[in-house]
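Novice: So that we are looking at the same thing, I have put the structure below in structure tokens.
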Amino acid sequence: MDRYLSKILQESWGFRIQQFLGSHWDDDTPLSDRGKGYGLAMRDYGLTPNYTPVPTIRAESGYHLGKELGDRFTALVCRDDYTAMGVCRGLQELGIRIPDDVAVVGYGDIDAAAHMTPALTTQAIPYGAIAEGAMDLMLEQLQGQDEPRQVTLKSKLMVRESCGANI
């Protein structure tokens, strides 16, 4: 997740009570990066970041979290689309309306995200740009350029029904 998503949730859509479902942003794991932007944005607004660990990247984990968290938060930001899909199912079984009662946002833009009800707002991973960047770095190494460098790519927010916004 990046700061942009949390900023949109705060400024444009008015969600002030958010919960991040995923790895803690201070953990040293690849998945913890998804929570870092969320945590920074919440602090920017003077709010305390809330986090709930997710044991696995499976819809079933999200389902149980949705049932457990209910409508205690106005927005749930999930570390992946599978978790978000499970959260939506768990909330709906409790009679909680998405996005009227709780907004849900995922990460990954998997194919099913656009086809569930409500369609899932998600942050798309730029797979094409990742592949292109990896090829460029590999070609540079083959040409003798061994200096390491970091490549930063931008993702796109796919705004759909689950956040209640029509922008």
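Novice: Residues with amide H under 5 Å of residue 124's amide H, sequence separation 5 or more or different chain, H placed in the peptide plane at 1.01 Å from N; which?
Specialist: 108, 156, 157, 158
Novice: Convert each backbone phi in the stretch 87-98 into a coupling constant with the Karplus relation 6.51 cos²θ - 1.76 cosθ + 1.60 (shift: θ = phi - 60°), then list the ³J(HN,Hα) values in order as whole Hz, x for Gly and Pro.
Specialist: The phi angles translate into 4, 4, 4, x, 5, 4, 5, 7, x, 7, 8, 10 Hz.
Novice: Which of 110, 130 comes first, and how do the rest follow, when ranked by fewest Cβ neighbours within 10 Å?
Specialist: Fewest to most other Cβ atoms nearby, the residues stand as 130, 110.
Novice: So what are the ³J(HN,Hα) numbers for the stretch 134-151, from phi and the Karplus equation (6.51, -1.76, 1.60; θ = phi - 60°), rounded to whole Hz, Gly and Pro as x?
Specialist: 5, 5, 4, 5, 5, 5, 4, 5, 5, 8, x, 8, 9, 6, x, 8, 9, 10
Novice: Applying the Karplus parametrisation 6.51 cos²θ - 1.76 cosθ + 1.60 with θ = phi - 60° to the phi angles of the stretch 44-52, what ³J(HN,Hα) value in whole Hz is obtained for each residue in order, glycine and proline being reported as x?
Specialist: The phi angles translate into 4, 8, x, 9, 7, x, 10, 9, 10 Hz.
Novice: Under 5 Å between amide hydrogens, which residues at least 5 positions from residue 103 or on another chain qualify, with H placed 1.01 Å from N in the peptide plane?
Specialist: 75, 76
Novice: Follow-up. Would you kindly calculate the mean projected area, averaged across all directions, of the convex hull enclosing the Cα atoms of the stretch 81-136, in square nanometres? Show your work: numbers first, answer last.
Specialist: On the way: hull surface 15.6 nm².
Projected area, direction-averaged: 3.9 nm².
Novice: Taking the Cβ of residue 115 as the centre, find all other residues whose Cβ is under 13 Å away and add up their charges (Lys, Arg: +1; Asp, Glu: -1). Numbers along the way, then the final one.
Specialist: Working: positive: 160; negative: 81, 109, 111, 161.
Result for the local shell: -3.
No lab work stands behind these numbers, since they all come straight from the coordinates. Since the model is a prediction, treat every value here as computed from it, not as a measurement. Neighbour counts run over all protein chains shown; Cβ positions are idealised from the backbone, glycine included.
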